[in-house]
Amino acid sequence: MLFMVHLAEFLAPEYSTSQNYISDLGIGPMTSRVIFTGAIIIFGLMALVAAALLRPRPGKSLVWMFLALSGIGAIGVGVFNEDYIPEVHALFAILAFLFGNSAAIYSSKMVRPPMSYLFILLGLIGLSALALLAGSTYLGLGAGGMERMVFYPAMFWAIGCGAYLFAEENRVTSC
C-alpha cells in the first residue's frame, strides 16, 4: 500500500505531500487515480481477510473487529472518492483511520514487549494526529503532512503486527 501511494504521488503532477490529502490521488490524473484507488481497495480487502483470520484466535480479542472496520473504511475511501459525496468519503476515511490506529493499541495485548509498547505508541501517534487533523491543527506540516501522521503509524503497525504474528506462528509450529 505504501509503495503504491508513493508511486501515485510521483505520477501526479503538482501533487504536494504537505498540502494535498492522500485521497486527492483518487481524483487526480488517470494513472495516479487508478493506482491509488486499486491499492486502497485491495488494502481494505486484505484487512478484511486478516480480520477473518484473526477472529478465531484464542481469547476474547476484538482486534479483528477493529481491523475489519478499518478495512471497510479503506474500501469506502476507494469506492467513494472525494468527488462523489465528500461527507461519505470523509466518513469512510475516519473509519479507516480511527479503527486502524485503535487496532494498533488494542493489539498490544496480543504481543510481548517491546512490540506491545511500540504498537501502543504507533496507535497513540495516529490517534493524536487524527484529533489534530480534525481540528485543522497541522503543526507546520500542512493538511497532507498531518494526514500522513495519521496514516503512516497505522501502516507501520499493520506491517509490524503481520510480521510479528507470522514469526510467532512459525516459531510455534517449528518446535
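Computed from the coordinates by the stated procedures, all read-outs in this text should not be read as laboratory data. Keep in mind it's a predicted model, so treat the numbers as computed, not measured. Here the Cβ is made from the backbone with ideal geometry for all residues, glycine too, and neighbour counts use every protein chain on show.
A few comments on the model shown:
- Backbone phi angles across the stretch 41-49, fed through the Karplus curve with coefficients 6.51, -1.76 and 1.60 (θ = phi - 60°), yield HN-Hα couplings of 5, 4, 4, x, 5, 5, 5, 5, 5 Hz in residue order; Gly and Pro are listed as x.
- Simple Cβ-charge dipole of the stretch 2-173, Lys/Arg +1 and Asp/Glu -1, about Cα centre, in debye nearest 20: 800 debye
- Rounded to whole Hz, the Karplus (6.51, -1.76, 1.60) HN-Hα couplings of the stretch 23-37, x for glycine and proline: 5, 4, 5, x, 10, x, x, 3, 4, 5, 4, 5, 4, 5, 4
- On Cα atoms only, tilt of 115-134 relative to the major axis of the chain in degrees: 30 degrees
- For L62 and T17, the FRET efficiency from 1/(1 + (r/R0)^6), where r spans their Cβ atoms and R0 equals 30 Å, is about 0.35.
- Added length on full extension, which subtracts the Cα-Cα distance from 0.36 nm per residue, R55 to T31: 5.0 nm
- Cα centroid separation, the stretch 131-175 to the stretch 42-107: 13 Å.
- Rounded to the nearest 10 degrees, the angle from helix 2-11 to the longest Cα principal axis of the chain is 10 degrees.
- Backbone geometry of the stretch 151-162 corresponds, through the Karplus equation with coefficients 6.51, -1.76 and 1.60 at θ = phi - 60°, to 3J(HN,Hα) couplings of 6, 4, x, 5, 5, 5, 4, 4, 5, x, 5, x Hz, x marking Gly and Pro.
- Summing charges over all other residues whose Cβ lies under 15 Å from the Cβ of G140, with Lys and Arg as +1 and Asp and Glu as -1, gives 0.
- Calculated FRET efficiency for the pair D83/K109, C-beta based, R₀ 41 Å, to 0.05: 0.55
- Under the shape rule built on the C-alpha gyration tensor, where the axes satisfy a ≥ b ≥ c, the stretch 74-159 is oblate, since a/c reaches at least 1.5 while a/b does not exceed b/c.
- Here the ratio of the Cα radius of gyration of the chain to 2.2 N^0.38 Å is 1.04.
- Of G100, G142, G123, the one that fluctuates the most in a GNM where the chain has Cα springs shorter than 10 Å: G142
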